[in-house]
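J.: Pasting a structure here, questions to come.
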Amino acid sequence: MSDRLTNISIIGDGGWGTTLAVHLARKGYRVRLWGAFPDYVRQVRKTRINSKFLPGVKIPPKVELVTDLKSAIQGCGLVVLAVPSQYLQGVLECLKHLDLRGKAFLSVIKGIDCASLMRMSQIIEKSLGRVPLAVLSGPTIAMEVAREIPTTAVIAARDAKFAQALQTIFHSRHFRIYTNDDVVGVELGGSVKNIIAIASGVCDGLGFGTNTKAAILTRGLAEMTRLGKALGARKETFFGLTGLGDLVTTCMSPRSRNRSVGEALGKGRSIKQITSSMQMVAEGVETAKAVHRLDQKLRIDMPITREVYRIIYKNKKPRKAVEDLMRRQRKAE
């Protein structure tokens, strides 16, 4: 299987898609990187730098920048889906009309669909059928991976041999890849941690300290685990790289978009003001809505998620949200 996967197409030229293209090209693979906006793709093709999403990182010659989806996947055995979650369905609608015979897919998208409450791999399978499919997740700040700072991540798939083949392709001396068969847990961890990161940023914006952030991370992990167990994931997955690992990175890093959104909310800016000024998408904003719906549907105790939802969508004052969390009924841990 690994031989036919060596021609690679990456759909989505944001920071993470571009980083993976650079990483694979450095390993010697030929990669096609697809972007949705022709004018910008032409600019990047000329400068060889994605100045909007990955400034200062030179894109190797082995990366071919394209804007036509059909030519992007033609002759490629592996298609990496790296678009923001809210645009995935539109891309899949185009892909399913193309020749997908012999192609395998890897989703590196973190998020939960608000309308269907489905994970990204479920949406892909609903649109494309039972194609060979894996997901990649973990504590992976794109710029750090692009700068070859030691990083670890997980590739999860139901088919262990497929996961191992992808592990061989992506693994390097600075990007260590593990495998897992808990696709549900890996995807949920990478998605729900963005909500907790917003809560962590709110605490930064309010000027709270390390004690508060430790509480948010710890109790946030408990919420992630409860949701995961309710949806069929393994509890242990949430204590690994795609749960605790990704949670710590996203809550602590100054580069984290979701933490930055929370910090701005804590300082009194509205969500509309914040998102309108952002180049990149903060997945936690939409995910908070989806997970709040799951919380209500499944009757899971997710108080941090509930308060983040109310701050974003009900204009609740961040300080009041923290006060309400602290005043909840006393209970055992």
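The values are calculated or read from the model by the stated rules, or taken from the named source; none is laboratory data. Given the structure is predicted, the values throughout are model-derived calculations rather than measurements. Counting neighbours? That spans all protein chains shown, and the Cβs are built from the backbone with ideal geometry, glycine included.
J.: Going residue by residue through the range 176-194, is there one that turns out to be free of Cβ contacts under 8 Å to residues at least 24 places away in the same chain and not hydroxyl-bearing (Ser, Thr, Tyr)?
T.: no
J.: Continuing with the same structure: So which residues in the range 156-183 are part of a helix (DSSP H, G or I), out of contact with any Lys or Arg (no Cβ under 7 Å at 6 or more places or on another chain) and not aromatic (Phe, Trp, Tyr)? Walk me through how you get there before you give the answer.
T.: Within the range 156-183, the first condition is being part of a helix (DSSP H, G or I), and the residues that meet it are 160-170, 183.
Keeping just the survivors that are out of contact with any Lys or Arg (no Cβ under 7 Å at 6 or more places or on another chain) gives 160-170.
Matches in the range 156-183: Ala160, Lys161, Ala163, Gln164, Ala165, Leu166, Gln167, Thr168, Ile169.
J.: To continue, here is another question. Taking the condition surrounded by 24 or more Cβ atoms within 10 Å (Cβ to Cβ) and either in a helix (DSSP H, G or I) or of a type in the set (A, V, I, L, M) (or both), does Val91 pass?
T.: It is false that Val91 is surrounded by 24 or more Cβ atoms within 10 Å (Cβ to Cβ) and either in a helix (DSSP H, G or I) or of a type in the set (A, V, I, L, M) (or both).
J.: Tally up the residues in the range 54-87 that are buried (at least 21 other Cβ atoms within 10 Å of the Cβ) and within 20 Å of Thr140 (Cα to Cα), please.
T.: The total comes to 8.
J.: Among the residues of the range 220-277, which ones are of a type in the set (S, T, N, Q), more than 13 Å from Gly185 (Cβ to Cβ) and touching a residue at least 60 places away in the same chain (Cβ under 8 Å)? It would help to see each step written out before you state the result.
T.: Within the range 220-277, the first condition is being of a type in the set (S, T, N, Q), and the residues that meet it are 225, 237, 242, 249-250, 253, 256, 258, 260, 270, 273, 275-277.
From what is left, the residues that are more than 13 Å from Gly185 (Cβ to Cβ) are 249-250, 253, 256, 258, 260, 270, 273, 275-277.
If the condition is that a residue be of a type in the set (S, T, N, Q), more than 13 Å from Gly185 (Cβ to Cβ) and touching a residue at least 60 places away in the same chain (Cβ under 8 Å), then Thr249, Thr250, Ser253, Ser256, Asn258 are the ones that fit.
J.: Answer yes or no as to whether Ser121 is touching a residue at least 60 places away in the same chain (Cβ under 8 Å) and assigned to a helix (DSSP H, G or I).
T.: Spelling it out, Ser121 is indeed touching a residue at least 60 places away in the same chain (Cβ under 8 Å) and assigned to a helix (DSSP H, G or I).
J.: Given the criterion over 21 Å from Gly220 (Cβ atoms) and surrounded by fewer than 20 Cβ atoms within 10 Å (Cβ to Cβ), identify the matching residue among Thr168, Thr152.
T.: Answer to the selection: Thr168.
J.: Would you mind stating whether Thr242 is out of contact with any strand residue (DSSP E or B) (no Cβ under 9 Å at 6 or more places or on another chain), in the same structural domain as Gly284 (by TED's automatic domain parsing) and not aliphatic (A, V, I, L, M)?
T.: So Thr242 fails the test.
J.: Just one of the numbered conditions (1) farther than 20 Å from Met143 by Cα; (2) surrounded by 14 or more Cβ atoms within 10 Å (Cβ to Cβ) is not true of Lys46; which one?
T.: The one condition Lys46 does not meet is (2).
J.: Here is a further query. When you go through (1) over 20 Å from Thr6 (Cα atoms); (2) assigned by TED's automatic domain parsing to the domain that holds Leu106; (3) touching a Gly at 6+ places or on another chain (Cβ under 8 Å) one by one for Ala197, which number turns out not to apply?
T.: Ala197 satisfies all of (1) over 20 Å from Thr6 (Cα atoms); (2) assigned by TED's automatic domain parsing to the domain that holds Leu106; (3) touching a Gly at 6+ places or on another chain (Cβ under 8 Å) except (2).
J.: Do the conditions hold for Thr67, that is, is it among the hydroxyl-bearing types (Ser, Thr, Tyr), farther than 26 Å from Tyr40 by Cβ and modelled with pLDDT of 95 or more?
T.: No.
J.: Moving on. Being in a helix (DSSP H, G or I) and without any contact (Cβ under 8 Å) to a residue 12 or more places away in the chain is the filter here; which residues of the range 195-211 pass it?
T.: Thr210, Asn211
J.: Related question: Counting only residues that are surrounded by 14 or more Cβ atoms within 10 Å (Cβ to Cβ), over 19 Å from the mean Cα position of the chain (by Cα) and of a type in the set (Gly, Ala, Ser), which one in the range 1-35 is modelled with the highest pLDDT?
T.: That would be Ala25.
J.: To continue, here is another question. Can you tell me which residues in the range 124-149 are loosely packed, with under 15 Cβ neighbours inside 10 Å and in a helix (DSSP H, G or I)?
T.: Lys126
J.: Please give the number of the condition Ala214 fails out of (1) hydrophobic (A, V, I, L, M, F, W, C); (2) in a helix (DSSP H, G or I); (3) within 19 Å of Ile300 (Cβ to Cβ).
T.: (3)
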